[in-house]
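For reference, the structure is listed below as structure tokens.
The values are calculated or read from the model by the stated rules, or taken from the named source; none is laboratory data. On a predicted model such as this, the values are computed, not experimentally measured, just so you know. Virtual Cβ from ideal backbone geometry, glycine too; neighbours counted across all protein chains shown. Heads up: the accessible areas ignore ligands, DNA and RNA and are worked out on the full protein's heavy atoms, side chains in. Shrake-Rupley method; radii C 1.70, N 1.55, O 1.52, S 1.80 Å.
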Amino acid sequence: MGVMTYIEAISKGMWEEMERDSSVFLIGEDIGEYGGAFKATKGFLKQFGPDRVIDSTLSEAAIIGAATGAAVVGMRPIAEMQFADFVTCGFNQLVVNAAKMHYRWHLPVPMVVRLPTGGYIHGGPYHSASTEAWFFHVPGLKIVAPSTPYDAKGLMKAAIRDNNPVLFFEYKYLYRRIKGDVPDGDYVVELGKGKVKRGGDDTVIFTYGSTVHLCLEAAEVLSKEDGVEVRVVDLRTLMPLDKDLILSSVRETGKVLIVHEDTVTGGIGGEIAAFICESAFSALDAPIKRVGSLDTPVPFAPPLEEYFLPDTPKIVKALRDLARY
Amino acid sequence: MARVEVVMPQMGESIAEGTIVKWHKKVGDKVKKDETLLEISTDKVDSEIPSPSAGVLAEIVVPEQKTVAVRTVIAYLDTEGGAVATSAPAAPTLEAPKTVAPSPVPMPIPAIQPLAAPASGRFYSPLVLNIARTEGISMSELEMVPGTGEEGRVSKKDILAYVAARKSGTMAPPAAGGSAVSSAAAPVFMSTTKVAPIGIVAKPVEVPELRAKYPAPQHDILQMSNVLQKMAEHMVKSVQTSPHVAAIHEVDMTNVVKHRGAHSAEFEKKEGFKLTFTPYIVDAVVKAIKKYPLINTSIEGDKIIKKNFVNLGIAVASDNGLIVPVIKHAEEKNFIGLARAVNDLALRTRNKKLMPDDIQGGTFTISNYGVFGTMIGTPIINQPQVAILGTGAIKKRVAVIDDAIAIRSIVYFTMSFDHRIVDGALGGMFLEEVVQNLQNFDMTMKF
């Protein structure tokens, strides 16, 4: 057991899988000599050589297309986007090719696309976007979004071993800010399983990624100042959603808040809310509430970005509105 | 299967007939025992009538808007599992169920009985309705559950607490105990909150001779409800009978406002309903009546009938017009008892659960028109009583106290009295006694 950062846990997961399985290889921009934009693959070139750590051309379409082709012929590629925002250039390869291969030709496509995502880093509108909802709508893709080093390593290993294209959203804000215990050696966090991060039976928050930590802070505030106990569920995998955990948590609390960093309109929270209404309407004691970003591009100016993004006070306010209802 | 008669109930000793306002069930509908089956109107009150037993509404004999004598059979229920005891006076007639024309195939019985619509208009979340169904709480019972949510909404916690109390027996069932809750929507004074304007209550009718005089569409012709007609009759009779005199006093309610503010949370926790200003006023009036009993009288010819008890009427605007439910033997009740009685009447008025006896036998009346923002009014005496107290809206005012300027909570009380027996001296002294009782309210009183 060692304490490591979120990004170290991601690297560790990839490293262990590359040691374990020779079909696993990396492809991306500046991931070799340079070690990647965020240094997630530092040292990989030296250890695994240029055949398994491929510095690609400056084309996301080429990266994802090559990875898809390699996956179809039995390799297990890990494709890196420098920023999740840039995935748009590889959108067609991902959505049309990778996502539909299995449906059309019964071909497994065991690939991982790493997507450094999100704001809170003053990166401006082209380097801070949350793009998971675009892919959430596409049948054939799996999506994970870990919030802790433990989950990051465990989900990375599970994603690599999965026979479907898995989008691995990693939170730039958490890279070096979050540290946690990560067991040495082999373990996986099963895809499609959420986790209760904090117990409570007054209200439940469904969240993932960066906002998990804000929700835990807000839940503490409610517990201390209002005597309201909030359950916090980290979804961890967005596709497939852990519907059993969602429903049992709704039934055990009755009030629901959904929090994500992505903008509210068209965000994954809307789908979760609709699912709850369809499946557990009679368990609801209040309208479902959502907290997310404003419906604009991510602003560059730090005060504007703070205003745009979810923060603990916004979550506390939503929880208090629910408690009072 | 047994067939049970449903009869027009006798709603009070002096009531001879009733009008069916609305059938809450259709032929073929399943109905639970005590679930609201229909609504009737008598010349005293409108009431919801519970089903005498569980079963299926087999036949409606008397349609809506028809008036029939009490004890007339108005419908038949088919009950399951043989004869069921019924409140109907006639023995259940055992005969084969008739095939009901509109639905020869029995209607499928839903697995979950939906609850009736709430009469109060209070919103219940899906979860609360679900818990109520599971626990066998009827809509009328649910309406009595105290709500701590926004706008008096019953939250999951509220209903679970209620269920727990109900199971442990620490809470009398509302029907029996009457210790119900006031709606949070009426936090200050007793009053129904959803008062429809008269024009909506009165139903349009077509009367050719009137239509000739008042052509459409410039005019609508509306039928006065029983309650409206009675109100009109009583008001005319009262002003013809009693020479009305009005006295107006100013009341500094600051102490009462402070006391209520300091104790309302604790009170609500203990009693399960909100503390309003009404019990303070009722308490002050009852004490003043004890000092000036001549206010609590009526006149028969040249004789004065002095009542040695206080039945205090409280005028309430309801959806159907003015109703004056009465707190019986108010002189025997302490503050809490008065508060409970006020709340019970308010709730039953709102839920149309008043019985004719609830609105009879008053000896003095309070009318709180302050809820509508009225500052000063001159109420009409409720015969055969000899005085009525009207209370205006409490407003903050600049007042002079010991030659200093202060901000105080001020209200104007008007007492209209019958000058045949109450003169200006007695009227003024009585009203001033009420004022002093409120201004010198015992601030140390706890609940």
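For this structure, a couple of remarks:
- Helices (runs of 4 or more DSSP H) lying entirely in the range B:137-178 (those with 1 or more residues that are modelled with pLDDT of 80 or more): B:139-142, B:156-168
- Residue count for the range B:318-337 under the criterion of being farther than 21 Å from B:ASN351 by Cα and open to solvent by less than 10 Å² (accessible area, probe 1.4 Å): the result is 1.
- Residue among B:ILE281, B:ILE299 that alone is among the β-branched types (Val, Ile, Thr) and either crowded, with 22+ Cβ neighbours inside 10 Å or closer than 30 Å to B:GLY18 by Cβ (or both): B:ILE281
- Residue check for A:SER282: within 14 Å of chain B (Cβ to nearest Cβ) and modelled with pLDDT of 95 or more: no
- Residue within the range A:234-246 that is more than 14 Å from chain B (Cβ to nearest Cβ), basic (Lys, Arg) and within 23 Å of A:TYR6 (Cβ to Cβ) present: yes
- Residues of the range B:121-135 satisfying the condition of being within 25 Å of the chain's Cα centre (by Cα), surrounded by fewer than 21 Cβ atoms within 10 Å (Cβ to Cβ), more than 9 Å from chain A (Cβ to nearest Cβ) and of a type outside the set (Lys, Arg): B:GLY121, B:PHE123
- In the range A:55-144, counting only helices (runs of 4 or more DSSP H) that sit wholly within it, the ones holding 3 or more residues that are farther than 30 Å from A:GLU306 by Cβ span A:60-72, A:101-105.
- Checked against the criterion of being within 24 Å of B:GLY370 (Cα to Cα), open to solvent by less than 50 Å² (accessible area, probe 1.4 Å), modelled with pLDDT of 95 or more and among the aliphatic types (A, V, I, L, M), the candidates B:ALA232, B:ALA288, B:ALA315 yield just one match: B:ALA288.
- Within the range A:279-289, being open to solvent by 50 Å² or more (accessible area, probe 1.4 Å) and under 25 Å from the mean Cα position of the chain (by Cα) holds for one residue alone: A:LYS289.
- The residues in the range A:185-206 that are of a type in the set (Val, Ile, Thr), touching a residue at least 60 places away in the same chain (Cβ under 8 Å) and within 29 Å of A:LEU141 (Cα to Cα) can be counted, and the count is 1.
- Given (1) away from chain B (no Cβ under 14 Å); (2) outside any loop (DSSP other than H, G, I, E, B); (3) surrounded by fewer than 19 Cβ atoms within 10 Å (Cβ to Cβ); (4) in contact (Cβ under 8 Å) with a residue 60 or more places away in the chain, index of the condition A:LYS317 fails: (4)
- Just one of the numbered conditions (1) open to solvent by less than 40 Å² (accessible area, probe 1.4 Å); (2) within 22 Å of A:ILE31 (Cα to Cα); (3) in contact (Cβ under 8 Å) with a residue 60 or more places away in the chain is not true of A:VAL182: (2).
- Selection of the range A:290-308 for residues being buried (at least 22 other Cβ atoms within 10 Å of the Cβ) and either within 13 Å of another protein chain (Cβ to nearest Cβ) or not in a loop (DSSP other than H, G, I, E, B) (or both) yields A:VAL291, A:GLY292, A:SER293.
- Verdict on B:ILE376 being part of a strand (DSSP E or B), touching a residue at least 12 places away in the same chain (Cβ under 8 Å) and farther than 24 Å from B:ILE49 by Cβ: no
- A:ILE272 vs. criteria more than 14 Å from chain B (Cβ to nearest Cβ), in a helix (DSSP H, G or I) and in contact with a helix residue (DSSP H, G or I) (Cβ under 8 Å, 6 or more places away or on another chain): yes
- When the range A:208-231 is limited to residues that are surrounded by 15 or more Cβ atoms within 10 Å (Cβ to Cβ) and free of Cβ contacts under 8 Å to residues at least 60 places away in the same chain, the one that is nearest to the chain's Cα centre (by Cα) turns out to be A:LEU216.
- Within the range A:235-266, the residues that satisfy the criterion of being open to solvent by less than 10 Å² (accessible area, probe 1.4 Å) and under 21 Å from A:ALA286 (Cα atoms) are A:ILE246, A:SER249, A:VAL250, A:THR253, A:GLY254, A:VAL256, A:LEU257, A:ILE258, A:VAL259, A:HIS260.
- For B:THR444: the one exception among (1) outside any strand (DSSP E or B); (2) surrounded by 15 or more Cβ atoms within 10 Å (Cβ to Cβ); (3) hydroxyl-bearing (Ser, Thr, Tyr): (2)
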